[in-house]
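Single-structure report; data block below.
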Amino acid sequence: MRVFVDDDSCRGHGVCAAVCPSVFVITDGGYAEAIRSEIPADLEAPVLEAVEACPERAIHVKEENHVN
Ligand code: SF4
């Protein structure tokens with residue numbers, strides 16, 4: 001799973017960083033940033049929790065389609 005924060009939508013509430021600090025931080029500019037884009041399996045649940053918790057719906061995830 002990959003994750004990114006939409007800079008245009010983020011309002012810097014920090015909910016994401018509170019829910020999942022392993023992935024989301026608030027930068028000096030006051031907005032959220034995903035410090036890792038590739039999400040390991042053990043962090044998928046808290047990332048999805050942050051997606052649901054974001055008041056601006058600014059966090060987007062994309063499931064990887066593994067083609068072997
Ligand atoms: S919860 Fe949403 S709007 Fe708030 S800082 Fe995180 S990504 Fe931005």
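At Glu64 and Asp42, where each label point lies 7 Å from the Cα along Cα→Cβ, what is the point-to-point distance in nanometres?
Label-label distance for Glu64 and Asp42, simple model: 1.7 nm.
Residue by residue through the stretch 28-35, what is 3J(HN,Hα) from phi via Karplus (6.51 cos²θ - 1.76 cosθ + 1.60, θ = phi - 60°)? Round to whole Hz and write x for glycine and proline.
4, x, x, 10, 7, 9, 7, 7
Where the only charges are on Cβ atoms (+1 Lys, Arg; -1 Asp, Glu), what is the dipole of the chain about its Cα centre, to the nearest 20 debye?
40
If I fit a long axis through the Cα atoms of helix 44-53 and take the longest principal axis of the Cα atoms of the chain, what angle between them do I get, 0 to 90°, rounded to 10?
Relative to the chain, helix 44-53 is tipped by roughly 40 degrees.
Let me check against my output: what whole-number percent is the relative contact order of the chain, with C-alpha pairs under 8 Å and at least 6 apart?
Numbers: 104 pairs, mean separation 30.7, N = 68.
Relative contact order comes out at 45 percent.
What part of the accessible area of the chain, given as a whole %, is carbon or sulfur when the probe is 1.4 angstrom?
47
Kindly identify the chain as rounded, prolate or oblate by the Cα gyration tensor criterion: order the square roots of the eigenvalues as a ≥ b ≥ c, call it rounded if a/c is under 1.5, otherwise compare a/b with b/c, prolate if a/b is larger, else oblate.
Here the chain falls in the prolate category.
What number, rounded to the nearest 500 deg cm²/dmol, is the helix-based mean residue ellipticity at 222 nm of the chain, given -39500 (n - 2.57) per DSSP H run of at least four residues and division by all its residues?
For the chain, the value works out to -5500 deg cm²/dmol.
The values are calculated or read from the model by the stated rules, or taken from the named source; none is laboratory data. Computed from a prediction, not measured in an experiment: that's the story for all the values here. Cβ atoms come from the backbone with ideal geometry, glycine included; neighbour counts cover every protein chain shown. When the accessible area is computed, the model is the full protein with side chains, heavy atoms only, and any ligands, DNA or RNA have been set aside. Shrake-Rupley method; radii C 1.70, N 1.55, O 1.52, S 1.80 Å.
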